[in-house]
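Q: Here it is: the structure, laid out below.
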Ligand code: PGA
C-alpha cells in the first residue's frame, strides 16, 4: 500500500478547494487500485470538502491538530472538532510549523499524544536543513528529532506509525532529494521507529515530501523503501497531482 497525501497549506478558498477535490475525484474515476489518498485543505474548507469525499476513496486530513480534544487554546483547532468535521488524518510537526511558528519537539509530542488518543492517524514530519546535511549530520539529526517527538508514546494497534521525511531544503524549492538519499534515510527511520516503539516492521510507513511533481513521483514510489508521498505545490495543480496519483497506481499495479 502506498500513500499520496496532499498538503494545500494556506491556499485556496472554499470554492477553489471544492473544485480541486472534484478534479481529484474525476482523475481517479474507473480505477480499481488506488493508493491511500488524503487531502489536507485549510481548516476553513474542511467541512465543505468533507461533504464531497464522504463515501469516496478520498480521505480528509488536517494540517495540524490542537493540543487537546477541546479547551482554552485560542487559535487552535481541537481534536474533537477535527473528528467532528470528518478528518481521519492530521499532519504534525511540519517544517513550516517548526521553523516559522517555533513548534518544538515537545510541543509536537503533546499534539501527537492527543491525536493518538483520538480517531485520527498522525503523519509526523521530520527533516534536516541543508547545513546539517552538508555537515554529514542528516541522519543523527532526524533520529534525534524522532526520539524527542515520539518519546515513549505507545501506539494504538489500529494506527500505522506514519512518518514523513521532508528535508527542509527540498520543500518548495523545486529541488527534490536524490532517490538514494531518500531510501537511505527511510531505512534509518524505519529501523529506529521499529526498535524505539517496539512495533512490527509492517506497521511503520515512511513517506517522502519535498518538491514532488508528476514528473518525479514514479522514481520515488517504485522504491520499496518509499511508502508514499506528501505533496505541497504539486497537489494544488490538478494536472500535476493527477500524474502523481497515476504514478502511485502504476506502481501498485506493477507490484501486485
Ligand atoms: P512541496 O511541499 O511539495 O511544495 O515541496 C511539501 C510539503 O511541505 O509538505
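Q: Do any helices (runs of 4 or more DSSP H) lying entirely in segment 5-104 carry at least 1 residues that are away from the ligand (no atom under 16 Å from the Cβ) and either buried (at least 16 other Cβ atoms within 10 Å of the Cβ) or within 20 Å of the chain's Cα centre (by Cα) (or both), and which ones are they?
A: Filter on segment 5-104 gives 14-27, 46-53, 79-84.
Q: Going by what's in this entry, would residue 116 be described as crowded, with 23+ Cβ neighbours inside 10 Å and either modelled with pLDDT of 95 or more or more than 16 Å from the ligand (Cβ to nearest atom) (or both)?
A: It is false that residue 116 is crowded, with 23+ Cβ neighbours inside 10 Å and either modelled with pLDDT of 95 or more or more than 16 Å from the ligand (Cβ to nearest atom) (or both).
The values are calculated or read from the model by the stated rules, or taken from the named source; none is laboratory data. The structure displayed is predicted, hence computed values, not measured ones. Methodologically, a virtual Cβ is constructed for each residue, glycine included, from the backbone with ideal geometry; neighbour enumeration extends over all protein chains shown.
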